[in-house]
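Single-structure report; data block below.
The values are calculated or read from the model by the stated rules, or taken from the named source; none is laboratory data. Quick caveat: nothing in here was measured; it's all calculated off a predicted structure. Cβ placement follows ideal geometry from the backbone for every residue including glycine, while neighbour counts extend to all protein chains displayed. Side chains included, ligands, DNA and RNA excluded: accessible areas come from the protein's heavy atoms. Shrake-Rupley method; radii C 1.70, N 1.55, O 1.52, S 1.80 Å.
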Amino acid sequence: MKVGYLGPKATFTNMAVNQQFPGVESIPFLTIPNCFDAVMEDKVDVALVPVENTLEGSVNITLDYLIHEVSLPICGEVTVPIKQHLMIHPLRKDKWREIDVVYSHSHAIAQCHKFLHTEFNGIVCEYMTSTAAAAQFVKENSNINGAAIGNSLTAEEYGLEIVRHHIHDSNNNHTRFLILSKNPLSYTAPSSNLAGYKTSLMVTLPSDRSGALHQVLSAFAWRKLNLVKIESRPTKTGLGNYFFLIDLDRKMDDVLIPGAIAELEAIGCEVKILGSYPFYNLEK
């Protein structure tokens, strides 16, 4: 099995791949659409791409590509805690408090604002394309009095010393990743990480019908089907036209979810099943 992921190496996406698919060949790609295309073109069997972050919200390019560009079922979901560390070139580890520039992805720097404000107030922050790119830059430029922000895999991959652990502002920051594949997966995921099951639907409302969204929600409510997420996205057919992405906290069954879908279709909604799949929580 080959797994494609949003690269480069040593990003949080890479960390999710290593823990969810231990020992499997993994291939980094430059963009999220490249990951989708690799599956469609049979370059890889599986793609793992980010879909939501606690602080930054949904990854719209993932949702839009999944809906508008390809037809790939969601086969699983992995949630990874985002833990950021300050790392430095080994030659400078004894003088890390004297750094005058910090390199990282813009999101990582924003996630560590309180630490940087308290410990290095006024320090220059340089944005890089990824936390891994920042670590690689620091490793290859030992003459620069700078540090990188990234995860523990980043430090290991690029041979940097972590001088301050857990510098992120929020301990509740997580990123969700979708596992996408043309075919059912035959691998065995770590059972200790299994947190439950979800079913994801895309619902397009009938045009010009008052109370349509209320009717949609009622179809789930009276069946006691719990919605763990509902989000609107533009259909791209005109201003004010939206569809809804709905996640249910259970597997597809033979009665309740099909019954809700039939009710939605009866009132004029279009419904597409995006996947019914296990979801995993990683702790590292």
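Please verify whether segment 52-68 includes one or more residues that are touching a Phe, Trp or Tyr at 6+ places or on another chain (Cβ under 7 Å) and of a type in the set (A, V, I, L, M, F, W, C). No, that holds for no residue. Looking across segment 110-144, the residues that are open to solvent by less than 50 Å² (accessible area, probe 1.4 Å) and of a type in the set (F, W, Y) come down to F115, F120.
Within segment 235-252, residues that are without any contact (Cβ under 8 Å) to a residue 60 or more places away in the chain reach partners that are among the aromatic types (F, W, Y) and part of a strand (DSSP E or B) with beta carbons closer than 7 Å, at six or more positions or on different chains, in the pairs T235/Y242; T235/F243; R250/Y197; K251/Y197. Being modelled with pLDDT under 80, at negative phi and β-branched (V, I, T) holds for only one residue in T188, T199, T204, and it is T188. As a summary of the residue check, E270 satisfies the conditions (1) at pLDDT 85 or above; (2) farther than 26 Å from C75 by Cβ; (3) open to solvent by 70 Å² or more (accessible area, probe 1.4 Å); (4) acidic (D, E) except for the one numbered (2). Does segment 18-34 contain any residue that is closer than 25 Å to D169 by Cα and either of a type in the set (A, V, I, L, M) or open to solvent by 30 Å² or more (accessible area, probe 1.4 Å) (or both)? Looking for residues that are closer than 25 Å to D169 by Cα and either of a type in the set (A, V, I, L, M) or open to solvent by 30 Å² or more (accessible area, probe 1.4 Å) (or both), one finds at least one in segment 18-34, hence yes.
Based on this model, can you work out whether E98 counts as in contact with a strand residue (DSSP E or B) (Cβ under 8 Å, 6 or more places away or on another chain) and of a type outside the set (A, V, I, L, M)? No. Which members of segment 145-174 meet the condition of being under 15 Å from L86 (Cβ atoms), open to solvent by 10 Å² or more (accessible area, probe 1.4 Å) and assigned to a loop (DSSP other than H, G, I, E, B)? Correct list: N145, L160, H165, H166, H168, D169. Just checking, does segment 230-239 include any residue being open to solvent by 30 Å² or more (accessible area, probe 1.4 Å), in contact with a Gly (Cβ under 8 Å, 6 or more places away or on another chain) and over 23 Å from I74 (Cα atoms)? Among the residues of segment 230-239, not one is open to solvent by 30 Å² or more (accessible area, probe 1.4 Å), in contact with a Gly (Cβ under 8 Å, 6 or more places away or on another chain) and over 23 Å from I74 (Cα atoms), which makes the answer no.
Please indicate, with yes or no, whether at least one residue in segment 70-77 is over 21 Å from Y277 (Cα atoms) and modelled with pLDDT under 90. No: segment 70-77 contains no residue that is over 21 Å from Y277 (Cα atoms) and modelled with pLDDT under 90.
A195 falls short of the stated requirement of being open to solvent by 20 Å² or more (accessible area, probe 1.4 Å), aliphatic (A, V, I, L, M) and more than 30 Å from H68 (Cα to Cα).
Looking across segment 207-223 at every residue that is modelled with pLDDT under 90 and over 31 Å from the mean Cα position of the chain (by Cα), the one that is surrounded by the most Cβ atoms within 10 Å (Cβ to Cβ) is identified as R209. Just the residues that are farther than 15 Å from K272 by Cβ and either at pLDDT 95 or above or among the acidic types (D, E) (or both), please, taken from segment 231-249. Across segment 231-249, the qualifying residue is only D249.
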